[in-house]
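The values are calculated or read from the model by the stated rules, or taken from the named source; none is laboratory data. As the structure is a computational prediction, the values presented were derived from the model and not from experiment. Cβ coordinates were reconstructed from backbone atoms using ideal geometry, including for glycine residues, and neighbour counts include every protein chain displayed. These area figures cover heavy atoms from the full protein model, side chains too; ligands, DNA and RNA do not enter into them. Shrake-Rupley method; radii C 1.70, N 1.55, O 1.52, S 1.80 Å.
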Number of protein chains: 4
Amino acid sequence: MRVTVWNENVHETTEDDVAERYPDGIHGAVAAAVAEHHPGARVRTATLAEPEHGLSEAVLEETDVLTWWGHKAHEDVDDEVVERVQRHVLSGMGLVVLHSGHLSKIFRKLLGTTCNLNWRSAEDREVVWTVDPQHPIAEGVPHPIVIDRQEMYGEFFDIPAPDELIFISSFTGGEVFRSGCTFRRGNGRIFFFSPGDQAFPVYHHPDVRRVIANGVRWAVPTGERRSPVLRNRPAGWFE
Amino acid sequence: MRVTVWNENVHETTEDDVAERYPDGIHGAVAAAVAEHHPGARVRTATLAEPEHGLSEAVLEETDVLTWWGHKAHEDVDDEVVERVQRHVLSGMGLVVLHSGHLSKIFRKLLGTTCNLNWRSAEDREVVWTVDPQHPIAEGVPHPIVIDRQEMYGEFFDIPAPDELIFISSFTGGEVFRSGCTFRRGNGRIFFFSPGDQAFPVYHHPDVRRVIANGVRWAVPTGERRSPVLRNRPAGWFE
Amino acid sequence: MRVTVWNENVHETTEDDVAERYPDGIHGAVAAAVAEHHPGARVRTATLAEPEHGLSEAVLEETDVLTWWGHKAHEDVDDEVVERVQRHVLSGMGLVVLHSGHLSKIFRKLLGTTCNLNWRSAEDREVVWTVDPQHPIAEGVPHPIVIDRQEMYGEFFDIPAPDELIFISSFTGGEVFRSGCTFRRGNGRIFFFSPGDQAFPVYHHPDVRRVIANGVRWAVPTGERRSPVLRNRPAGWFE
Amino acid sequence: MRVTVWNENVHETTEDDVAERYPDGIHGAVAAAVAEHHPGARVRTATLAEPEHGLSEAVLEETDVLTWWGHKAHEDVDDEVVERVQRHVLSGMGLVVLHSGHLSKIFRKLLGTTCNLNWRSAEDREVVWTVDPQHPIAEGVPHPIVIDRQEMYGEFFDIPAPDELIFISSFTGGEVFRSGCTFRRGNGRIFFFSPGDQAFPVYHHPDVRRVIANGVRWAVPTGERRSPVLRNRPAGWFE
């Protein structure tokens with residue numbers, strides 16, 4: 001299992017409180033979560049500031065699952081890189097989109113919708129409920145997960161109806177959110193999981209870490225990587 | 001539009017507070033909700049105590065949509081009547097299952113699961129959020145609906161993944177619930193809507209009434225009523 | 001019901017046999033199909049060669065449902081117009097994508113996948129089977145529809161799992177295809193229907209015309225047109 | 001992986017040609033298919049004629065996945081055994097329903113519909129196409145599978161919309177069929193796969209055998225076996 005953890009890494013490098021909360025960056029916290037649950041995995045990180053954002057053709061070819069965290073700098077992500085990532089997802093690379101990644105170029109490009117939602121950065125408690133208890137991503141996850149302080153994400157969340165709805169969250173303010181969703185696109189598996197924020201230590205929460213690690217495992221492609229093709233087939237081609 | 005509103009009518013006839021809350025029975029309140037939104041509809045009611053529970057073959061043949069409310073007396077519903085209702089649903093009759101009807105014989109028979117859930121009869125506030133805003137059942141419905149006092153229904157709710165998930169509710173206690181779901185079975189359309197209880201005046205809430213009326217309209221069959229059949233087809237039968 | 005029928009109109013203006021088959025253009029045939037089933041509808045057409053391809057902001061604002069036919073000239077469609085159409089779909093405008101429109105920019109942009117498939121332009125017979133007989137788009141449609149000569153479209157068809165699968169086709173060569181699918185994106189309804197080709201008179205087939213007209217009716221938005229938005233919500237905003 | 005292969009075993013014991021085609025019974029052929037792909041699995045068989053049809057409480061408790069083949073004797077299966085199997089499926093036991101098992105009591109009870117279809121026992125060729133190529137059940141399966149002679153099963157097939165549609169078949173006569181479908185019910189996973197018949201040697205086809213073995217592997221429960229329960233939860237129970 002070869003995992004690339006991508007992070008824009010802007011909050012951590014410009015805001016002291018975030019740097020203190022995530023001394024290795026959000027990418028460091030996410031990478032550690034994957035590694036602690038999958039000791040055999042090869043986990044690397046990549047960030048916005050690197051050449052090609054650390055997502056060259058060579059890196060993606062060697063990546064089974066890419067995780068994505070972005071927030072402030074979505075528009076700074078190069079369109080060419082986004083198209084490259086899309087191509088790899090449609091060819092089979094798994095993608096785990098985290099929290100504010102809902103507005104990333106790559107997520108919106110793969111889903112085709114605005115991915116808008118309601119939000120509030122206050123002191124809400126988020127409670128994450130499992131509605132598909134036998135899904136591999138829910139394995140070992142308590143029902144519910146309680147996150148003491150977290151940004152509120154609320155409906156209406158403008159996404160296509162997910163292929164599988166695994167988690168629904170409630171917030172102190174009374175809002176609800178489809179917080180764990182899967183989508184299959186081309187040969188790739190996509191998992192979106194909303195808990196997690198730069199302003200709260202959510203990526204240190206053991207159950208959040210477990211869900212992310214489960215999501216990564218679930219998104220690993222089976223079979224060879226290839227894009228669906230347009231093909232002219234003569235009559236009798238398969239006989 | 002010919003609607004039959006079914007109610008076990010046990011709480012209302014044995015408990016003073018329920019009788020006071022619903023002087024015409026829960027069936028009376030639901031029938032009024034349908035009638036106020038669909039002035040041209042022919043709305044009748046039927047209850048457990050009637051012969052064949054008021055659901056004879058003749059009544060069902062003349063029913064486009066049946067609504068179902070039961071709670072204390074699910075086991076007193078005759079199996080033969082349940083099979084008759086199932087047969088009509090599979091032939092195209094619409095079915096709107098309300099609140100505690102989740103444990104009715106007919107709902108469990110059509111879905112195949114236990115339909116169990118978590119519950120609490122306290123003083124929770126229920127907030128009903130629309131996650132499919134263009135669905136005809138959500139038409140004219142505020143986002144969110146606020147119900148000041150209501151029984152809590154919480155996940156895990158043991159139903160098949162719904163064909164369409166329209167509403168998700170949160171409760172004061174932090175629970176969430178898939179409170180508005182559709183299912184297609186045979187030629188029939190089924191809508192489950194959980195808000196509503198004998199202990200609270202929820203069926204007098206204007207938005208709850210609107211959702212029920214929308215659900216009834218949506219469940220009306222199109223085309224002739226007939227059950228899917230097993231048929232031996234010779235080669236070339238359609239040419 | 002205000003319908004705009006879009007067509008690239010290239011085959012008809014450059015190939016004699018197509019011009020003979022569709023003397024009013026494919027757009028003319030599709031527009032006539034819609035008009036014959038919806039006598040009250042306001043149906044207009046638009047083509048690639050017009051300024052802004054006939055799809056100005058003003059035209060789209062007055063369009064409830066847009067139908068799309070393209071084949072040879074997908075890449076000539078201006079990206080700005082494509083983004084405009086996407087914005088209108090996400091705001092609620094219906095979209096009916098026909099046949100080779102599966103590779104149009106707008107369809108791929110809304111679905112996020114390659115939309116590739118297998119194909120063969122020979123003399124296959126296409127037989128279209130209904131697998132969701134109560135869907136409004138299947139109303140009045142024979143089971144099966146037989147199209148004597150038609151281009152083969154076969155699986156694997158690289159689309160997201162449709163929200164509803166209504167039609168499946170078989171071809172003489174033994175291939176199958178998910179030929180009638182719905183997708184909800186933002187506030188818009190999308191219907192893809194594959195039967196229809198420039199090389200065969202499929203748009204004169206009465207049942208194909210009925211399906212297209214049904215699809216247009218189904219895709220009409222309910223409620224006001226607006227795009228889902230990103231919104232900061234203070235605690236207690238809905239109380 | 002503990003697998004119980006159930007077969008009514010009536011054709012094989014009363015018709016010479018079937019006995020010759022399946023000298024170890026259809027259960028023998030299916031069990032061998034599972035064993036050849038999962039060498040570590042403990043595979044046992046059970047048939048209608050055994051006490052409790054070989055499906056005692058003890059057997060089911062030790063069964064991770066049950067496969068089901070029946071045709072002539074559906075009505076001879078004891079209702080109590082059917083309820084026991086349903087209870088185990090809802091608690092997490094996997095179920096793989098094969099071919100004419102579509103009309104078995106257990107399949108109809110779990111799905112809630114008639115499960116009727118069109119059929120023809122002639123000399124059709126069945127071609128099985130994969131429409132979800134990344135699904136674990138499609139792993140290693142050629143696209144398409146060609147079965148030279150097979151009973152035709154055609155739409156309309158009266159099942160709930162499957163959670164996942166993996167295979168679609170075409171037949172020489174032009175019919176199509178949703179031949180590989182998954183359904184989640186309670187904590188259990190259900191896979192229906194239609195290729196296979198007593199009158200043709202389909203269970204000796206290597207690709208059919210692979211799909212069945214894949215389906216068994218996919219249906220193995222994860223986590224402990226337990227039925228979803230109805231539970232009264234006080235406020236604050238999860239804090």
(message) Just to verify a result, which residue in segment B:154-163, among those that are touching a helix residue (DSSP H, G or I) at 6+ places or on another chain (Cβ under 8 Å) and not charged (D, E, K, R), is farthest from the other protein chains (Cβ to nearest Cβ)?
(response) B:Ile159
(request) Working only within segment C:1-27, note down all residues that are more than 20 Å from C:Asp76 (Cα to Cα) and either of a type in the set (D, E, K, R) or open to solvent by 20 Å² or more (accessible area, probe 1.4 Å) (or both). (result) C:Met1, C:Arg2, C:Asp16, C:Asp17, C:Ala19, C:Glu20, C:Arg21, C:Pro23, C:Asp24
(message) Checking the structure you have, find out if any residue of segment A:37-45 is at positive phi and out of contact with any helix residue (DSSP H, G or I) (no Cβ under 7 Å at 6 or more places or on another chain).
(response) no
(request) For segment A:37-149, please list each of the helices (runs of 4 or more DSSP H) lying entirely inside it that holds at least 2 residues being within 17 Å of the chain's Cα centre (by Cα). (result) A:79-91, A:105-111
(message) I'd like the full set of residues that are closer than 15 Å to B:Arg2 by Cβ and either open to solvent by less than 40 Å² (accessible area, probe 1.4 Å) or within 13 Å of chain D (Cβ to nearest Cβ) (or both), limited to segment B:219-239.
(response) B:Ala219, B:Val220, B:Pro221
(message) Let me confirm something: among C:Val43, C:Val89, which residue is open to solvent by less than 30 Å² (accessible area, probe 1.4 Å), closer than 30 Å to B:Asp132 by Cβ and not hydroxyl-bearing (Ser, Thr, Tyr)?
(response) C:Val89
(request) For segment C:209-218, name all the residues that are out of contact with any His (no Cβ under 9 Å at 6 or more places or on another chain) and surrounded by fewer than 24 Cβ atoms within 10 Å (Cβ to Cβ). (result) none
(message) List pairs: first residue in segment C:104-126 and within 8 Å of chain A (Cβ to nearest Cβ) and more than 18 Å from C:Thr182 (Cα to Cα), second residue in a loop (DSSP other than H, G, I, E, B) and of a type outside the set (Gly, Ala, Ser) anywhere in the structure, Cβ distance under 6 angstrom, at least six positions apart or on different chains.
(response) C:Asn118/A:Arg233; C:Arg120/A:Arg233; C:Asp124/C:Thr172
(request) Please enumerate the residues belonging to segment B:180-208 that are among the small types (Gly, Ala, Ser) and surrounded by fewer than 24 Cβ atoms within 10 Å (Cβ to Cβ). (result) B:Ala199
(message) Is it the case, given these coordinates, that C:Thr63 is farther than 14 Å from C:Gln198 by Cβ and either touching a Cys at 6+ places or on another chain (Cβ under 7 Å) or touching a residue at least 60 places away in the same chain (Cβ under 8 Å) (or both)?
(response) yes
(message) For segment A:154-208, give me every one of the strands (runs of 3 or more DSSP E) that falls completely inside it and has 3 or more residues that are touching a residue at least 12 places away in the same chain (Cβ under 8 Å), touching a strand residue (DSSP E or B) at 6+ places or on another chain (Cβ under 6 Å) and closer than 19 Å to A:Ala122 by Cα.
(response) A:164-171, A:176-185
(message) I need every pair where a residue in segment C:4-33 that is touching a residue at least 12 places away in the same chain (Cβ under 8 Å) and more than 26 Å from C:Glu61 (Cα to Cα) has its Cβ under 9 Å from the Cβ of a residue that is in a loop (DSSP other than H, G, I, E, B) and of a type in the set (Phe, Trp, Tyr), sequence separation at least 6 or different chains.
(response) C:His11/C:Tyr22; C:Glu12/C:Tyr22; C:Arg21/C:Phe200
(message) Could you go through segment A:129-147 and let me know if any residue there is surrounded by fewer than 24 Cβ atoms within 10 Å (Cβ to Cβ), small (Gly, Ala, Ser) and modelled with pLDDT of 95 or more.
(response) yes
(message) Please determine whether any residue of segment A:141-148 is more than 10 Å from chain C (Cβ to nearest Cβ), out of contact with any Pro (no Cβ under 6 Å at 6 or more places or on another chain) and within 21 Å of A:Val3 (Cβ to Cβ).
(response) yes
(request) For segment B:171-182, name all the residues that are closer than 22 Å to D:Ala161 by Cβ and at the interface with another protein chain (Cβ under 7 Å from one of its Cβ atoms). (result) B:Arg178
